[in-house]
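Undergrad: Sending over a structure as structure tokens; questions will come in a sec.
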Amino acid sequence: MDITRVYEILRETYYRRYYDVYPKLVPADSESVVKIVPLYDHCKFDEDAEYEVKITSMDSCHSQKGEERGYTTVLKPSNGILEVRHCFEGEQEHVLLISVRSNGEEKEIGAFSIYSLKDDLYQRRPYKGELHIHSNLSDGKESPEYVAAACRRIGFDFMAVTDHKAYQPSIRAKETYKDVDIDLKIFPGEEIHLPGVEVHIVNFGANYSISQYVEENPDKYMAEVEAVANNIDDLPAGVDRYEYAACVWCFKKIREGGGLGIFCHPYWVYERRYNVSPVFTDYMLEKHPFDAYELLGIGGIQVDSNMLQVAHYNEQRAKGNQIAIVGCSDAHGCERDVSFGWVYTMVFSKGLEVEDIKEAIKNYYSVAVEKVPGCPVRVFGPWRLVKYALFLLREFFPKHDGLCYEEGNLMLKYIRGEDDAAQRLKMAKGQTARLMNHYWSK
Ligand SMILES: [Zn+2]
Ligand SMILES: [Zn+2]
């Protein structure tokens, strides 16, 4: 049996197929009403029966007195629905175990999970996205618009094509869909390779191309980098002054254009060595001139590289340095490259505009997610967000991703020129946002 299926059984998610339970996300420490609605004839509630609801909070402490860990209440359905009124304490997952006594026997109806959130996180919504991916306009396999559709098909809410030294492909991805209603947010972007600099930098969302600026103004670029270099204090041995100054200049330039600058895959193994020396990476993580660190990259193909990126991040955090993170597939093909969809970023943001995504990532409201086919999902980042993301990946995103799958396929139909694709996309418009509104309590 597939390991993900085993995991599904362990976490009892199969019950969720028979009942709609909402809201799933509620504010912590205030009263909420959770509705349990049977979806099919075989799981209808008996109007005359009494149902026992036992609420267990995941973070609850062990009681040495042998008291029950949890809260139990008995309810009768009304109009075929069970309504559980409860004050969910703290920021954590709660499991509602529902059972009924019939013919003298206790029968389990289901175990349903909901999550209570502190205000800052409750005001934000989770979105999945790809911030670093290639099209055939550099060394990828498919057109930019194909890459965008493929990203929607696997459940992403936002993306940018970030071709090597090329900004135009990302614009083309967006332009292709300008006459059609889609919910995927497509942003501009590029992967920047500065002259004589080995560090790869992604420009996500800036309103101009840094690669083009450097190419068109080589002298101005050199003078600007030199000015930065002159203002840098002593550097550790092994950190090249020009290279570091060029990175600082580049991240600043990205910010000036309204974008997010990503320090990419330092432990990517290329030509039998790491892309960036550990001493340089260490200095970068300490000084944090970038907006986000690519904690997971190269889509899990180079497992060692990702582990080293994570280990280096953990060491810096142990020293008290906060580091903003993203995870990116860096895929060079959506169908043939093994990494597509294996790594991505989940942001907790106030909206889906580039400003919202930037704000979330820069304020450490993001996690890097790894989903290698056939393996359970793994989440990296701050503990609080990892805990929440694991809940969402089990309880919210499967439905969200199902809707995205339809839309992604319609986007592919649209670029193939199929007649009804635009009309069907229009009908699908807003469905992921509606799903979110359904699950988040008002
Ligand atoms: Zn790269
Ligand atoms: Zn790349």
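Coordinate-derived values only; no laboratory data. Quantities reported herein were computed from a predicted structural model and do not represent experimental measurements. Positions of Cβ are backbone-derived with ideal geometry, glycine not excepted, and every protein chain shown enters the neighbour counts.
Undergrad: Restrict the search to segment 153-188; then list the trypsin sites (Lys or Arg not before Pro) that DSSP places in a loop and that have at most 14 other Cβ atoms within 10 Å of their Cβ.
TA: Lys178
Undergrad: Taking the inverse of the average 1/r across all pairs of different Cα atoms in segment 84-158, what Kirkwood radius in Å do you get?
TA: Taking every pair of different Cα atoms in segment 84-158, averaging 1/r and inverting gives 17.0 Å.
Undergrad: Right, next: Could you tell me the calculated FRET efficiency between Arg434 and Asn136, based on Cβ-Cβ distance and R0 = 25 angstrom, to the nearest 0.05?
TA: With R0 = 25 Å, the Cβ-Cβ based efficiency is 0.10.
Undergrad: If you don't mind, there's one more thing I want to ask. Which whole-angstrom value gives the distance between the alpha carbon centres of segment 304-382 and segment 91-124?
TA: Centre-to-centre (Cα) distance: 29 Å.
Undergrad: Please identify every one of the trypsin sites (Lys or Arg not before Pro) in segment 189-275 that sits in a loop by DSSP and has no more than 16 other beta carbons within 10 Å of its own beta carbon.
TA: Arg272
Undergrad: Rounded to a whole number of µm²/s, how large is the Stokes-Einstein D of the chain at 20 °C and 1.002 mPa s, given Rh as the Kirkwood radius over C-alpha pairs?
TA: My calculation gives 91 µm²/s for D.
Undergrad: Step through the residues of segment 156-165 one at a time and calculate ³J(HN,Hα) from phi using the Karplus curve (6.51 cos²θ - 1.76 cosθ + 1.60, θ = phi - 60°), rounding each to whole Hz and writing x for Gly and Pro.
TA: Using θ = phi - 60°, the values come out as 8, 9, 8, 6, 9, 7, 10, 6, 5, 6 Hz.
Undergrad: Please identify every one of the GluC sites (Glu not before Pro) in segment 217-272 that sits in a loop by DSSP and has no more than 13 other beta carbons within 10 Å of its own beta carbon.
TA: Of the GluC sites (Glu not before Pro), the ones in loops of segment 217-272 whose Cβ has at most 13 other Cβ atoms within 10 Å are Glu271.
Undergrad: Quick one: what are the phi-derived ³J(HN,Hα) couplings along segment 75-88, Karplus 6.51/-1.76/1.60 with θ = phi - 60°, whole Hz, x for glycine and proline?
TA: Values per residue, Gly and Pro as x: 10, 10, x, 10, 6, x, 10, 9, 10, 9, 9, 7, 9, 8 Hz.
Undergrad: Hey, what angle do you get for helix 241-256 against the long axis of the chain, alpha-carbon based, 0 to 90 degrees rounded to 10?
TA: 60
Undergrad: Moving to a separate point now. In terms of the Cα gyration tensor, with a ≥ b ≥ c the square roots of its eigenvalues, is segment 350-442 rounded because a/c is under 1.5, prolate because a/b exceeds b/c, or oblate?
TA: Taking the square roots of the gyration eigenvalues as a ≥ b ≥ c, segment 350-442 is prolate.
Undergrad: What ranking do Thr73, Thr345 get, fewest neighbouring Cβ atoms within 10 angstrom at the top?
TA: Lowest count first: Thr73, Thr345.
Undergrad: Okay, next question. Apply the a/c threshold of 1.5 to the C-alpha gyration tensor of segment 121-188 and tell me whether it is rounded, prolate or oblate.
TA: prolate
Undergrad: Compute the label zone of Lys178 within segment 405-427: residues whose backbone N is under 12 Å from the point 7 Å along Cα-to-Cβ.
TA: Within reach of a label on Lys178, which here means backbone N under 12 Å from a point 7 Å along Cα→Cβ, segment 405-427 contributes nothing.
Undergrad: Please list, in chain and number order, the residues 5+ apart from Ser349 or on another chain whose amide H is under 5 Å from its amide H, with Hs placed from the backbone.
TA: Residues meeting the amide H criterion: Arg125, Tyr127.
Undergrad: While we're looking at this one, here's another question. What's the local net charge at Gln431, with K and R +1, D and E -1, over the other residues with C-beta under 9 Å away?
TA: Here the charged neighbours net out to -1.
Undergrad: Also, quick follow-up: Given only helices, namely DSSP H runs of n ≥ 4 each adding -39500 (n - 2.57), what is the per-residue ellipticity at 222 nm of the chain, to the nearest 500 deg cm²/dmol?
TA: Dividing the helical sum by the residues of the chain leaves -10500 deg cm²/dmol.
Undergrad: Additional query: Answer with one residue from Met411, Tyr364, Ser138: the one whose Cα lies farthest towards the positive end of the charge dipole of the chain, charges on Cβ with Lys, Arg +1 and Asp, Glu -1.
TA: Positive-most Cα among the choices belongs to Met411.
Undergrad: Can you tell me how segment 206-298 classifies by the Cα gyration tensor, rounded, prolate or oblate, using a/c under 1.5 as the rounded cut?
TA: oblate
Undergrad: Could you please report the charge total around Gly417, scoring K, R as +1 and D, E as -1 over all other residues with beta-carbon less than 15 angstrom from its beta-carbon?
TA: -2
Undergrad: Short version: ³J(HN,Hα) in whole Hz for each residue of segment 283-297, in order, from phi by Karplus 6.51 cos²θ - 1.76 cosθ + 1.60 (θ = phi - 60°), x for Gly and Pro, what are they?
TA: After applying 6.51 cos²θ - 1.76 cosθ + 1.60, I find 5, 4, 5, 5, 8, 6, x, 8, 9, 8, 9, 7, 5, 10, x Hz.
Undergrad: Further, regarding this structure: Among Ala229, Ser211, Pro373, which residue has its Cα furthest toward the positive end of the charge dipole of segment 125-428, with +1 on Lys/Arg Cβ and -1 on Asp/Glu Cβ?
TA: Toward the positive end, the furthest listed residue is Pro373.
Undergrad: How far is helix 383-395 tilted, in degrees, relative to the longest principal axis of the Cα atoms in the chain, given as a value from 0 to 90 rounded to the nearest 10?
TA: 60
Undergrad: Measure nothing but the geometry: give the 0 to 90° angle between the long axis through the Cα atoms of 303-318 and the longest principal axis through the Cα atoms of the chain, rounded to 10°.
TA: 80
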